[in-house]
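The values are calculated or read from the model by the stated rules, or taken from the named source; none is laboratory data. A quick note: this is a predicted structure, and the numbers were derived from the prediction, not measured. Neighbour counts are summed over all protein chains in view; Cβ atoms, including those assigned to glycine, are modelled from backbone coordinates with ideal geometry. These area figures cover heavy atoms from the full protein model, side chains too; ligands, DNA and RNA do not enter into them. Shrake-Rupley method; radii C 1.70, N 1.55, O 1.52, S 1.80 Å.
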Amino acid sequence: MPEASMATPSPAAASPILELRDLTKHFRARRAGKTYTITAVNHISLDLVEGEVLGIVGESGCGKTTVGRMIIGLEQADEGEIRFGGSDILERRGAALKAARLKLRMVFQDPYASLNPRRSVEDSVAETGDIHGIFENAKHRREMVGEALTQVGLNPSFASRYPHELSGGQRQRVGIARAILPTPDVIIADEPVSALDVSIQAQVLNLLADLKARLGLTMMFISHDLGVVAKISDRVAVLYMGNVVEIGDGPALFADPQHPYTQMLIASVPRIDPASRVTGTVERGEPPSRFRAIEGCPFQDRCPKRTDICRTMPELLPTTPGRRVACHHVDAVVAAD
Amino acid sequence: MLAVDDLVVSVVTSLGSLDIVRGVSFQIAPGEILGLVGESGSGKSMTSLAVMGLLETPRTRVTSGRIAIDGADITHATPYERVRKGNGDIAMIFQEPMTSLNPVRRIGDQIAEAIKVHDPKADVRARTQELMDLVRLPDSALQHGAYPHELSGGMRQRVMIAIALACRPKVLIADEPTTALDVTVQLQILGLLRDLCDRLDMGILFITHDLGVVSQLADRVAVMYAGQIVETGSVRTIFSAPLHPYTAGLMACVPDPSTGHAPLVTIPGQAPRPDEVPPGCPFSPRCSRADTPCRSGPVPTVRAGDHAALCHFPLNEELVHA
C-alpha cells in the first residue's frame, strides 16, 4: 500500500483501476432569456490506483460532485472516457454496464434522503445483491447483510429496523454497508460525512479508514472539507471551476501547497488556535460567475500572482515528486523518464 | 448588554412536557462576541430563538428564567411588542439567506423596508447606501436592482446582515451564518462580523457547531450539551486548557489538514435525545472520566478564573480553585 500511496501516475506504479480521460461535462442554463453553456467539468484526467483513497476537494461549483456522478452514471459525460476494468464504461451497454455497476458503488451525502423510508435496513443493504442475484436464499441474504452491518460497526439486529429509527450516524453506516455488499472494486463517496455532527463525523471517518485497511477498498473521496479529506486521502486533487489545479500526495500537498488557489484554500480553514484571530480585512473575492467564459487560467481574477501570461490556460505539469500543478508561476520540472 | 438568566425552554410532546433548554445563563457586553457551540439537538438554536422572541408557540415556550436587554425584561415579548416599546435592539441572521430573503423583491427594496419599519422618518436612500457600505456590498448590486438569486451566497449573507443592522441592534444573533458558505467566503463574512462588532460596539451571539470558527472569531465561548452550558470561558483559556471532557472530546474530533492520517480520537455513542437525558451528568454515559458521583445528583460547577465548567472530574485540575 505505501507504493500505491506514492503513486502519482508514474510508469513504475501499478496500473490504475479507474482512469478518467479528458472527462468533460457541459450544462445548459437560461438566464435573462439567454441560453448559456456552462462547463462544469473541463477535460479532467485522473487515475485511481488499487487500494488508494483519492481525495477530490474544492468549493461549491468546482465540478467535484459532477465527476463522481459521471463515474456512477447518474450524469452523462459529454466528452472523454471512463476506463474501468479494461474498457470505457461510457461505451458499455446492457450486461457489461450492469457488471460494472456491481463493482463501482456510491456513498451519498445525505443519509436521510438516500435511504428509502419504507424499506427495512436489510432490504436497503441487500438491494444491489438482489438486483444482481447474488443471494442463494433468504438465510444467505440475512447472513450477508448481518456481516456487512458488522463491518460498519452496527449490530446485525439493525437489519429489521427502518430509517426513522436510526440516528444520522447510524444511517450513514447503513449507507456504507449498502456500498460494500458485495465488496466493490471502487467506492465513490460524495461528502459522506458532511451532514453529520462533528463527534459522529469522526466516528464515520475512522470507520472508512478502518474499512479501507481491512477490505483494501479503493475510494474516491469527494468533499469540500479540507480537514476531512486530509484525514483519509493518500492523494488529493484540488478542483477549481471544473479544472484540476493541483494533485499530489496528500500530507505533502497540505504541508506545501503550490498552486495559489490551494494555498488560499488551506489558509482559509478556520483552525482551533487560541492565538490566531480573523481580521476585518480579508477580501479575496469570490469565484467568478459561471455565466461568463474565462480565457486562460480560471483562478486569474482572484490570484495574487496574476500576470499577462495567465490569459493562456496553464497545463498540469509535474513540479516536486508526485505533484502536478497547473500554474504559470510555479516552476515545472522535466519528467525524468 | 444582553443578560440571559437561568433560561428554561419546554416543548409539549406526546410524551408530556420536555425541557430542551435547561437553565442557561450568559451575558453579552457591547463589542463582545460570544460563541455558543454545540452539536445538533444541544439546544443552541432554541436558546437563540428564545432570546429573539421567536419561540412562543402553543407547543414551545420559555417556562422559566429571564431575558433582559439593558435591564428591560423582554422574556415574553414578541418581536412586534419589542419594537413598539423601544426594545427592538436584537437582530438575527440565519444560515441560508435565500430562505430569509424575498425572492421576488429587489434587494435594495428589502433593505429599505427594514429601515422604514424601525425609523419611519429616515432618509431611506442615504441609510440604504450607508448600510451597503457597512457590509461592503458593491454599489453595482443596488444600481442594477438585483434580485436575491442573482447574488452569490456570500453577497446574499451581506444583504441579510445589512437588513439586520437597519434597526441599529445592540445585539446581533448569528445562527450558523457561514455554514452554507465556501471556506474562502466564510472567512470574509467572519472578518466582516468581527469588524462590525468592533466598529458599532455591538454584541454578537454567534451560534455554530464549528469549533474552528469560534476559535478564530469569538471572545468568549459557551459549550452546550443536552440543553445546558457545560463549559464557558474566554477563547484563549477554553481552547488551551479545557476543563470539561466533552469540550476536549469535541476539539479532538475536528480533523485538521496538518495532522495527516492519525486516527481521530472520538467520543463514543451519541448525544441523548431530550426524552432520554440520563440522571446526574448528561455526558456521563459517553465520558471516559465518569465515576459513581457522575451518575446521579447535581453536578458541581468548577471554576478557574473566568472559566467555569459543570463537572465532577474536570481536566486540567491543577487550574481549578476551590
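Side notes on the structure shown:
- Cα-based convex hull volume of chain B per residue, rounded to whole Å³: 152
- Counting only protein heavy atoms and a probe of 1.4 Å, the accessible surface of segment A:250-307 is 53% carbon and sulfur.
- Built amide H within the under 5 Å cut-off of residue A:43, gap 5+: A:24, A:25
- Among A:294, B:267, the order of accessible area from largest down is A:294, B:267, computed with a 1.4 Å probe on protein heavy atoms.
- Residue-span extension gain [residue A:143 to residue A:45] - 0.36 nm each, minus C-alpha spacing: 31.3 nm
- Residues losing 50 Å² or more accessible surface upon assembly, segment B:243-265, compared with the chain by itself, 1.4 Å: B:255, B:257, B:261, B:264
- Result for chain A in a Gaussian network model with C-alpha springs under 10 Å: among A:99, A:32, A:195, the largest mean-square fluctuation is at A:32.
- The separation of segment B:264-322 from segment A:106-171, counted between C-alpha centres, amounts to 35 Å.
- Cβ-Cβ FRET estimate between residue A:79 and residue A:301, R0 fixed at 25 Å, reported to 0.05: 0.45
- Each 10 Å bin from zero up to the one holding the largest Cα-Cα distance in segment A:16-296 carries the following percent of pairs: 6, 26, 33, 23, 10, 2, 0.
- Distance between the pseudo-spin-label points of residue B:119 and residue A:273 (7 Å out from Cα toward the beta carbon): 3.9 nm.
- Residue A:19 exposes around 40 Å² of accessible area when a 1.4 Å probe is run over every protein chain in place.
- Counting only DSSP beta bridges with both residues in the protein assembly as shown, the antiparallel share comes to about 65 percent.
- Only DSSP H runs of four or more residues enter the estimate; each adds -39500 (n - 2.57), and after division by the residues of the protein assembly as shown the mean residue ellipticity at 222 nm equals -9000 deg cm²/dmol.
- If you plug the beta carbon distance of residue B:168 and residue A:291 into 1/(1 + (r/R0)^6) with R0 = 30 Å, you get a FRET efficiency near 0.20.
- Distance from segment A:206-246 to segment A:279-328 (C-alpha centre basis), Å: 23
- The protein assembly as shown pair-distance distribution - Cα-Cα, 10 Å bins, rounded %: 3, 14, 23, 25, 20, 12, 3, 0
- Per residue, in Å², the accessible surface of chain B once ligands and nucleic acids are set aside, probe 1.4 Å: 42
- Only beta bridges with both residues in chain B are counted; by DSSP, about 65 percent of them are antiparallel.
- Amide H contacts of residue B:173 (H built 1.01 Å from N, in plane; Pro and chain starts excluded): B:91, B:92, B:93, B:205 sit under 5 Å, all sequence-distant by 5 or more or on other chains.
- Using a probe of 1.4 Å, the accessible surface attributed to residue B:194 totals some 30 Å² when neighbouring protein chains are kept in position.
- Under Karplus coefficients 6.51, -1.76 and 1.60, residue-wise ³J(HN,Hα) of segment B:161-171 in Hz, glycine/proline x: 5, 4, 5, 5, 7, 4, 8, 6, x, 7, 9
- Counting only protein heavy atoms and a 1.4 Å probe, segment A:16-296 has 40 square angstrom of accessible area per residue.
- Sequence-distant residues sharing a close amide H with residue B:229 (under 5 Å, placed H): B:25
- At least 40 Å² of accessible area lost relative to the chain alone, listed for segment A:48-64 with a 1.4 Å probe: A:59
- Packing, taken as the mean count of other beta carbons within 10 Å per residue, orders the peptides B:150-158, A:316-324 from highest to lowest as B:150-158, A:316-324.
- Helix axis angle, B:183-200 relative to chain B longest principal axis, alpha carbon, degrees: 80
- Area hidden from solvent between A and B (accessible, protein heavy atoms only, 1.4 Å, total, Å²): 4200
- Modelled FRET efficiency - R0 51 Å, residue B:201 with residue A:119, Cβ distances, 0.05 increments: 0.35
- Taking all protein chains together and rolling a 1.4 Å probe, residue B:81 ends up with roughly 60 Å² accessible.
- Dipole magnitude of chain A about its Cα centre (Cβ charges: Lys, Arg +1; Asp, Glu -1), debye to nearest 20: 980
- Percent carbon-and-sulfur accessible area, chain B, ignoring ligands, DNA and RNA, probe 1.4 Å: 53
- Antiparallel bridge percentage (DSSP; both residues within segment A:16-296; nearest 5): 55
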